[in-house]
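J.: Attaching a single structure in structure tokens format; questions to follow.
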Amino acid sequence: MVNGIERPLDVLNNAKGKEVIVQLKNNKQMVGTLLAFDIHINVVLDNAKEMVDGESKRSMGLTFLRGDTIIFISPASMAA
Amino acid sequence: MVNGIERPLDVLNNAKGKEVIVQLKNNKQMVGTLLAFDIHINVVLDNAKEMVDGESKRSMGLTFLRGDTIIFISPASMAA
Amino acid sequence: MVNGIERPLDVLNNAKGKEVIVQLKNNKQMVGTLLAFDIHINVVLDNAKEMVDGESKRSMGLTFLRGDTIIFISPASMAA
Amino acid sequence: MVNGIERPLDVLNNAKGKEVIVQLKNNKQMVGTLLAFDIHINVVLDNAKEMVDGESKRSMGLTFLRGDTIIFISPASMAA
Amino acid sequence: MVNGIERPLDVLNNAKGKEVIVQLKNNKQMVGTLLAFDIHINVVLDNAKEMVDGESKRSMGLTFLRGDTIIFISPASMAA
Amino acid sequence: MVNGIERPLDVLNNAKGKEVIVQLKNNKQMVGTLLAFDIHINVVLDNAKEMVDGESKRSMGLTFLRGDTIIFISPASMAA
Amino acid sequence: MVNGIERPLDVLNNAKGKEVIVQLKNNKQMVGTLLAFDIHINVVLDNAKEMVDGESKRSMGLTFLRGDTIIFISPASMAA
């Protein structure tokens with residue numbers, strides 16, 4: 001079911017081009033298409049939307065997120 | 001009973017493929033199957049569920065957790 | 001649509017000379033023209049304006065922003 | 001009375017296999033048998049119990065604690 | 001208008017000997033003449049004044065500011 | 001009066017074997033005999049007592065304190 | 001008036017043996033004679049007094065202050 005996950009960053013690599021949910025430390029989420037990431041977990045989302053409690057608050061378009069503000073990143077299609 | 005724990009990361013290595021509880025700094029827990037971790041304690045959980053006070057809040061599926069948001073990780077089967 | 005984004009910093013490089021929104025950890029935003037950035041995500045904005053909840057609060061002109069206070073940076077023209 | 005403590009980590013080394021109290025930054029304590037630690041003060045406790053104000057709240061069993069959430073570690077038998 | 005800004009620190013270099021506003025994480029500002037800075041964004045201001053909500057609270061004279069407490073630095077003459 | 005203090009750690013070296021007050025970021029103090037320290041300002045106290053507002057709250061005995069939770073360390077005999 | 005300040009640490013070097021005000025992140029100040037500092041801005045004050053809102057609260061004598069708790073350091077004689 002989940003193959004080839006040897007290191008944590010493999011999950012992010014597999015999620016490139018797909019929609020992800022990024023949970024931020026400020027209790028907001030950013031949802032968008034994962035375009036790029038680096039070892040600091042800085043990430044770039046396309047068509048990003050800022051969500052609060054599951055409600056869309058702002059459409060941000062292309063967005064650079066600084067890694068140290070991130071709690072978790074989850075491919076959106078995996079959420080039940 | 002607990003053999004072969006020389007270094008802290010040995011516990012995480014032994015827990016691969018098993019269910020773990022991850023306590024986050026934001027007072028939430030993530031429960032899921034530990035797939036991978038690295039020296040920053042970034043971890044990947046499969047079938048992750050976000051819990052608050054022991055109640056399941058969100059099913060996240062496959063999830064990358066950034067290490068600096070983690071307080072502790074415990075194999076779920078060990079909890080009494 | 002979004003080509004040539006291999007690494008997160010590519011987004012910032014593409015945004016040089018353009019208007020960006022910088023979300024800060026203190027719940028304020030800075031809007032201005034991106035002049036420069038470095039690997040710490042220290043950035044320089046020209047004609048920077050401090051915003052709170054979308055309202056302009058202060059015109060700061062040329063401003064150096066320290067990277068560790070930044071949550072995200074988004075090219076302003078991408079926002080819907 | 002306390003011999004052979006040249007460096008701070010000597011205390012943790014001497015406490016291996018013994019019960020310790022770990023005070024966390026979130027005002028909780030973890031009590032358990034110290035199995036392992038590293039230079040980041042990541043520690044592993046066996047038979048860990050989460051305590052709040054001296055009351056046991058949760059039995060966690062084997063637990064990996066991330067170093068940066070720890071205020072102090074004290075061998076339990078030393079407390080008066 | 002703003003020439004020769006290749007890297008973020010160029011702005012600070014250009015501002016040497018001029019009045020700057022330094023926004024701190026504790027919601028206060030320091031206004032003074034920028035004398036020196038380093039790569040940690042530690043800065044030295046001369047004739048520094050501590051401001052809260054635009055009101056002068058304390059005259060500090062020569063002051064060393066630790067970089068990790070700084071949100072932004074802006075040449076005062078640029079503010080509208 | 002205070003001779004031979006060339007570097008900050010010299011003060012801690014001189015205080016070895018003596019009673020010190022350690023002020024923690026959580027508004028508590030630890031008072032005890034300084035046994036060891038390292039460059040991270042991790043310290044070991046013997047006969048440590050946790051104090052709140054000058055009142056003894058807990059006797060901890062031998063205690064390892066993680067450096068990043070410490071505000072200041074002062075030899076107790078120096079306090080007026 | 002202020003000569004020879006090339007780098008931020010020059011200010012601290014010039015202030016050795018003189019009274020300084022150290023503003024801490026916990027809203028307190030420490031006033032004392034600067035004896036030593038290092039590149040982490042760990043500092044040692046002699047005859048240190050803890051101040052809150054300009055009122056002396058505690059005489060600490062010789063005190064080691066950890067750099068990461070410091071907002072600013074100002075030679076006391078410079079304050080107006």
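J.: Using θ = phi - 60° and the Karplus form 6.51 cos²θ - 1.76 cosθ + 1.60, what ³J(HN,Hα) does each residue of region A:18-23 get, whole Hz, x for Gly and Pro?
T.: Residue by residue, region A:18-23 yields 10, 6, 10, 9, 10, 8 Hz.
J.: Please report, as a whole percent, how much of the solvent-accessible surface of chain A comes from carbon and sulfur atoms (probe radius 1.4 Å). Before the final figure, lay out each step's value.
T.: Working: 1640 of 3470 Å².
Solvent-exposed carbon and sulfur of chain A make up 47 percent of the total.
J.: Average partner chain C-beta neighbours within 10 Å, per residue of G:45-51?
T.: So the per-residue partner count for this stretch is 3.
J.: Near A:K16, which lysines are there with a Cα under 20 Å away, not counting those fewer than 8 places off in the same chain?
T.: A:K49
J.: Could I ask something else about it? Around G:V31, what is the net charge, scoring Lys/Arg as +1 and Asp/Glu as -1 over all other residues with Cβ under 9 Å from its Cβ? Mind showing how you got there, number by number?
T.: Working: positive: G:K49; negative: G:E19, G:E50.
Result for the local shell: -1.
J.: So what's the protein assembly as shown giving for Cα Rg divided by 2.2 N^0.38 Å, two decimals? Don't jump to the answer; show the numbers that get you there.
T.: Numbers: Rg = 25.1 Å, N = 560, 2.2 N^0.38 = 24.4 Å.
It is 1.03.
J.: Calculate, for region A:1-42, the solvent-accessible area per residue in square angstrom, rolling a 1.4 angstrom probe over the heavy atoms of the protein chains. Could you put the intermediate results ahead of the total?
T.: Numbers: 2100 Å² over 42 residues.
With all protein chains present, region A:1-42 gives 50 Å² per residue.
J.: Can you list, bin by bin at 10 Å, the percent of alpha carbon pairs in chain B, starting at 0?
T.: Histogram of Cα-Cα distances, whole percents per bin: 20, 56, 22, 2.
J.: Determine ³J(HN,Hα), in whole Hz, for all residues of region D:29-39 in sequence, where each value follows from phi through the Karplus function 6.51 cos²θ - 1.76 cosθ + 1.60 and θ = phi - 60°; x replaces Gly and Pro.
T.: Those phi angles translate into 10, 10, 10, x, 8, 6, 9, 7, 8, 9, 5 Hz.
J.: If you don't mind, another one. Mind checking C:28-34 for the average number of partner chain beta-carbons within 10 Å of each residue's beta-carbon?
T.: Working: counts 3, 0, 3, 0, 0, 2, 0.
Average per residue, whole number: 1.
J.: Ok, one more. Can you give the accessible area of F:K16, probe radius 1.4 Å, in Å² rounded to 10?
T.: Approximately 80 Å² for this residue.
J.: Also, quick follow-up: Which pairs break 21 Å Cα to Cα here: E:K25/E:K57; C:K25/G:K25; E:K28/E:K57?
T.: Numbers: E:K25/E:K57 17 Å; C:K25/G:K25 17 Å; E:K28/E:K57 10 Å.
Among E:K25/E:K57; C:K25/G:K25; E:K28/E:K57, the Cα-Cα distance tops 21 Å for no pair.
J.: Related question: Using θ = phi - 60° and the Karplus form 6.51 cos²θ - 1.76 cosθ + 1.60, what ³J(HN,Hα) does each residue of region D:46-59 get, whole Hz, x for Gly and Pro?
T.: Listing the rounded values in order: 9, 6, 6, 10, 8, 10, 10, 6, x, 9, 6, 10, 8, 9 Hz.
J.: Also, I was wondering about something else. How shielded is C:52-64 by partner chains, expressed as the average number of their Cβ atoms within 10 Å of its Cβ atoms? Before the final figure, lay out each step's value.
T.: Working: counts 0, 0, 1, 0, 0, 0, 6, 4, 10, 9, 12, 10, 17.
Mean partner shielding for this stretch: 5.
J.: How much solvent-accessible surface does A:R7 expose, in Å² to the nearest 10, with a 1.4 Å probe and all protein chains in place?
T.: 150
J.: On to the next question. Please work out which residue of chain C brings its Cβ closest to the axis of the rotation superposing C onto D, and round that distance to whole Å.
T.: C:D68, 8
J.: How big a patch of accessible area, both sides summed and in Å² to the nearest 100, lies buried between D and F at a 1.4 Å probe? Walk me through the numbers before you get to the answer.
T.: Working: alone 5430 and 5440 Å², together 8930 Å².
Counting both chains, the buried surface is close to 1900 Å².
The values are calculated or read from the model by the stated rules, or taken from the named source; none is laboratory data. This one's a predicted model, so the numbers in the text were calculated from it and none came from an experiment. Virtual Cβ from ideal backbone geometry, glycine too; neighbours counted across all protein chains shown. Side chains included, ligands, DNA and RNA excluded: accessible areas come from the protein's heavy atoms. Shrake-Rupley method; radii C 1.70, N 1.55, O 1.52, S 1.80 Å.
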